[in-house]
1. Looking only at the stretch 118-141, count how many residues are touching a residue at least 60 places away in the same chain (Cβ under 8 Å) and out of contact with any Pro (no Cβ under 7 Å at 6 or more places or on another chain).
2. So which residues in the stretch 307-319 are touching a residue at least 24 places away in the same chain (Cβ under 8 Å), out of contact with any helix residue (DSSP H, G or I) (no Cβ under 8 Å at 6 or more places or on another chain) and either within 15 Å of the ligand (Cβ to nearest atom) or not hydrophobic (A, V, I, L, M, F, W, C) (or both)?
3. Out of the residues in the stretch 118-146 meeting the condition of being over 17 Å from ILE80 (Cβ atoms) and hydrophobic (A, V, I, L, M, F, W, C), tell me which one is farthest from the ligand (Cβ to nearest atom).
4. Specify the residue that is surrounded by the fewest Cβ atoms within 10 Å (Cβ to Cβ); the eligible residues are those in the stretch 141-179 that are acidic (Asp, Glu) and within 24 Å of PRO259 (Cα to Cα).
5. When you go through ILE115, ILE44, ILE80, ILE54 one by one, which is the residue that is away from the ligand (no atom under 16 Å from the Cβ), among the β-branched types (Val, Ile, Thr) and within 28 Å of SER135 (Cβ to Cβ)?
6. Given the conditions (1) outside any helix (DSSP H, G or I); (2) touching a residue at least 12 places away in the same chain (Cβ under 8 Å), which single one is not true for LEU155?
Amino acid sequence: MTTSAVPPLDLKHRPRRNRKTDWARRLVSETRLDVSDLIWPIFIIEGQNRREEISSMPGVYRYSIDLACEAVCEAASLDIPAVALFPNIDSQLRDLTASNATHPDNLVCRATRVIKSVAPNIGVITDVALDPYTSHGHDGLLVGEEIINDATVALLARQAINQAQAGCDIIAPSDMMDGRIGIIRSALDAEGFQNVQIMSYAAKYASAFYGPFREAIGTSRTLQGDKRTYQMDPANVKEALREVALDLEQGADMVMVKPGMPYLDVLQRIAETFQAPTFVYQVSGEYAMITAAARNGWLEGERAMMESLLSFKRAGATGIFSYFSVQAARLMRNQS
Ligand code: PBG
């Protein structure tokens, strides 16, 4: 009997009917990625007309402020709603007390002022954490062997005010100290920054996937030990729910899960439980994996990129930090 001679099965349900053509697939599609979902993280360095590729993140650069402005203008013209700035501070300026973090003319404050003046309609998110500024690369103050919480929080509040004074729109604490959201909220309000939003890195895991980022901001060589006394254990999800509850109670406007792909379950639980704006960070190591495989011809890069971004939306993300943001936005624009 030839295959075509096989009599049809008496099937009531044939889920393949809804997949038979492109139009039918589009009609039943449950999730859509939109350019409004994307946030683009960029790395900033001192100097003029400088652009350095990060070797573990091919296609991602550190920009001097002038070139960062051009890059941000392109992001704005693609309708990307916001960028997140990460400075690579000169090593002579890093010290034990992270003193440059509260300097009004530090790299991130200068970048914020210039970017807001050339691209006023794109949101600027600044990172609150001490790691770019400490000589040991930790997000908090190190006393002996311990990252001390309460003195770090006091300093983070001053860092947040410094960034708000420079004109940032969203303060994003990525440090994972206890109680920082409430203290930062009161400090901002006391200085008249009631309208500056707080996006908390609420469930941030102690992850191996941050490796290339540490190269990008220059902490991979200096970091002493690891961050497991403040970032979360990858084994835990109930704890992530408690962290998010605390941050929302203390006044976070938005929360985040980080990394992304290995933590889709965490993202889904948080999005469903709290119904608050829930962001996800597709981190440097995720970008590096996809890009490296694509450059080797082992994956179709664009498809893998779009599939990974879509998976965050399916899991419930409100928005996505991704180093692919500009690439994905260009692709979506060309396809529409
Ligand atoms: C540190 C910070 C990290 C990232 C964002 N902010 C790294 C770390 O915790 O060591 C990681 C981002 C990425 O890997 O893309 N405050």
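None of the figures in this text is laboratory data; all of them are computed from the coordinates on show. These figures come from a predicted structure and were not determined experimentally. Positions of Cβ are backbone-derived with ideal geometry, glycine not excepted, and every protein chain shown enters the neighbour counts.
1. Within the stretch 118-141, residues that are touching a residue at least 60 places away in the same chain (Cβ under 8 Å) and out of contact with any Pro (no Cβ under 7 Å at 6 or more places or on another chain) number 8.
2. First, pick out the residues of the stretch 307-319 that are touching a residue at least 24 places away in the same chain (Cβ under 8 Å): 308-319.
In the following step, the residues that additionally are out of contact with any helix residue (DSSP H, G or I) (no Cβ under 8 Å at 6 or more places or on another chain) were identified as 310, 314.
ARG314 - this is the single residue of the stretch 307-319 that is touching a residue at least 24 places away in the same chain (Cβ under 8 Å), out of contact with any helix residue (DSSP H, G or I) (no Cβ under 8 Å at 6 or more places or on another chain) and either within 15 Å of the ligand (Cβ to nearest atom) or not hydrophobic (A, V, I, L, M, F, W, C) (or both).
3. Just the residues of the stretch 118-146 that are over 17 Å from ILE80 (Cβ atoms), to begin with: 127-146.
Next cut, hydrophobic (A, V, I, L, M, F, W, C) only: 128-130, 141-143.
Numbers: VAL128: 8, ALA129: 3, LEU130: 8, LEU141: 14, LEU142: 14, VAL143: 19 Å.
Here the residue is VAL143.
4. As a first pass, look at the stretch 141-179 and keep what is acidic (Asp, Glu): 145-146, 150, 169, 175, 178.
Next, from what is left, pick out any that are within 24 Å of PRO259 (Cα to Cα): 169, 175, 178.
Numbers: ASP169: 18, ASP175: 25, ASP178: 14.
Per the stated criteria, the residue is ASP178.
5. When all the criteria are applied, what remains is ILE115.
6. (1)
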